[in-house]
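The values are calculated or read from the model by the stated rules, or taken from the named source; none is laboratory data. Bear in mind that the values here come from a model prediction, so they are computed numbers and not experimental data. Positions of Cβ are generated from backbone atoms using ideal geometry, with glycine treated the same way; all protein chains shown enter the neighbour counts.
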Amino acid sequence: MTRTEAAPQAITRKSQNFAEWYTDVVRKAELADYSPVRGCMIIRPYGYTLWENVQRALDDMIKATGHQNMYFPLLIPRSFLTREAEHVEGFAPEVAWVTHAGGEELEEWLAVRPTSETIICTTYAKYIQSWRDLPVLVNQWANVMRWEMRTRFFLRTTEFLWQEGHTFHATPEEAAAETEKMLDVYATLAEEWLAIPVIKGRKTAAEKFAGADYTLSIEAMMGDGRALQSGTSHNLGQNFTRAYDILFQDKDLTRKHPWQTSWGLSTRIIGGIIMAHGDEGGLILPPRVAPYQVVIVPIFRKDDERTAVAAAIERITAQLPRAVRVHVDWREETPGYKFNDWELRGVPVRMEVGPKDVQKDQVVLARRDTRAKEPVPTPALCERLPALLDEVQHALFARALAFRRERTLRLDDYAELVAAFQGEEGGVFVEAHWCGDAACEARVKEETRATIRNIPFDGPAEQGRCIVDGKPGIGKRVVFAKAY
Ligand SMILES: [Zn+2]
């Protein structure tokens, strides 16, 4: 029956080399592969299904908060990009240009969008005339391109997929509320769907989006203790609406520039799922977004056993709730091979069905996160399986949160901060006081490569002195970490 007894190719040990472990998991779990163009990646069906599940959850929330989807072109005229000075400067080195088309050089170069603020502002300058046209609440799912020198699957690729939300408002208060609302949406996606605990907060001026008044972010700890900025929401104030001459007549008949926000979450979050939950065996996917929540592995030796097992599996799959995503693995491989393969690919629950199980009218469920096994009577499956998937979902979140707490230090001494980030490991979050001065922030970055991830919203008010220069702090601790 079996073509091979060999287990799927081994992956690098996570504890030995996290970066190689990550690349091995991405490729061997068939999430993505290298492309002929350096820095781009091919997202394979298993990886794309995972992205689609994330996308669906987020898209539902974007729509539930009143936004509509639209689509703007991939190419942006050069002149559009140069109007908001800080924005241009922030993006210039990363922009890829189309210089030739139709067999000749273009009169005006076209940028492959690095983000769409400029073209959206140019367009909405026409659509927005009156307070009646506000708010504008739109979003687009698209690919963008930012030229990268050092790339890594999902985390930093030249072309990536994302959504970018763009909104215009009649008052600054409304724009500020929108900026926070969308950060909350991202936090809900991360915590409730992806089982990744996040720290919500505000970026420092040095780390904000080019052209924004301020940027909010969610920051998550990965399995090596580094941070991943997993979603950002920007309050653009009137910076772009001034530069792009967007004006509306308000109720008091005065003409004003609207207040604007933009917010984005990308395929980078797939890297977050891999790094937040994976272990030495490979991926561990949160059930709510896993392409397959349950994989059924038939176990048999003789033909009559196969027939009995196949009939039992047919009965089982027919009675399972339709919402449960199930895959039956009938490949010509040994059960051991399949166990390893689905473990590597992170399927939350494996169901084993063998001849003895058929006799007892039961199956064996094995959860991926703890590898615990339990026999379950077939009639109880409809109840037990969804409950078990929920348990796995919650256990993953709890484990990631406990890990972050373990790896978070509260420090007040600069030498200790430097020591905490020493070595290639450097995987900790450090909560420390900071005076608000960009020079102190820059010094930490230079000496440790750690940056201020954000100023957490939830951090308790606390007076303290800047860990770098001893000046009075901003009134709460900030989070330093090395980041992806
Ligand atoms: Zn300072």
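Just so you know, in the stretch 432-446 the residues that are more than 9 Å from the ligand (Cβ to nearest atom) and buried (at least 19 other Cβ atoms within 10 Å of the Cβ) include one that is nearest to Cys466 (Cα to Cα), and it is Ala432.
In the stretch 422-448, the residue that is farthest from Val478 (Cα to Cα) out of those that are assigned to a loop (DSSP other than H, G, I, E, B), modelled with pLDDT of 95 or more and not β-branched (Val, Ile, Thr) is Asp437.
Screening Leu388, Leu417, Leu401, Leu396 for residues that are within 16 Å of the ligand (Cβ to nearest atom), on the phi < 0 side of the Ramachandran plot and assigned to a helix (DSSP H, G or I) leaves exactly one candidate, Leu417.
Residue by residue, here is whether (1) surrounded by fewer than 19 Cβ atoms within 10 Å (Cβ to Cβ); (2) within 26 Å of Leu396 (Cβ to Cβ); (3) at pLDDT 95 or above holds:
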| site | (1), (2), (3) |
| --- | --- |
| Arg306 | yes, no, yes |
| Gln319 | yes, no, no |
| Ala323 | yes, yes, no |
| Asp369 | no, yes, yes |
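A residue that is in contact with a helix residue (DSSP H, G or I) (Cβ under 8 Å, 6 or more places away or on another chain), without any contact (Cβ under 8 Å) to a residue 40 or more places away in the chain and either under 26 Å from Thr307 (Cα atoms) or crowded, with 19+ Cβ neighbours inside 10 Å (or both) occurs somewhere in the stretch 329-347.
Residues considered: Gly470, Gly459. Of these, the only one that is over 20 Å from Met222 (Cβ atoms) and modelled with pLDDT under 95 is Gly459.
In the condition set (1) in a loop (DSSP other than H, G, I, E, B); (2) among the small types (Gly, Ala, Ser); (3) without any contact (Cβ under 8 Å) to a residue 40 or more places away in the chain, Gly66 is compliant with all but (3). Whenever a residue of the stretch 466-484 is on the phi > 0 side of the Ramachandran plot and free of Cβ contacts under 8 Å to residues at least 24 places away in the same chain, its partners that are surrounded by fewer than 20 Cβ atoms within 10 Å (Cβ to Cβ) and not acidic (Asp, Glu), lying with C-beta atoms within less than 7 angstrom and at least six residues away or across chains, give the pairs Gly475/Ala461; Gly475/Gln463.
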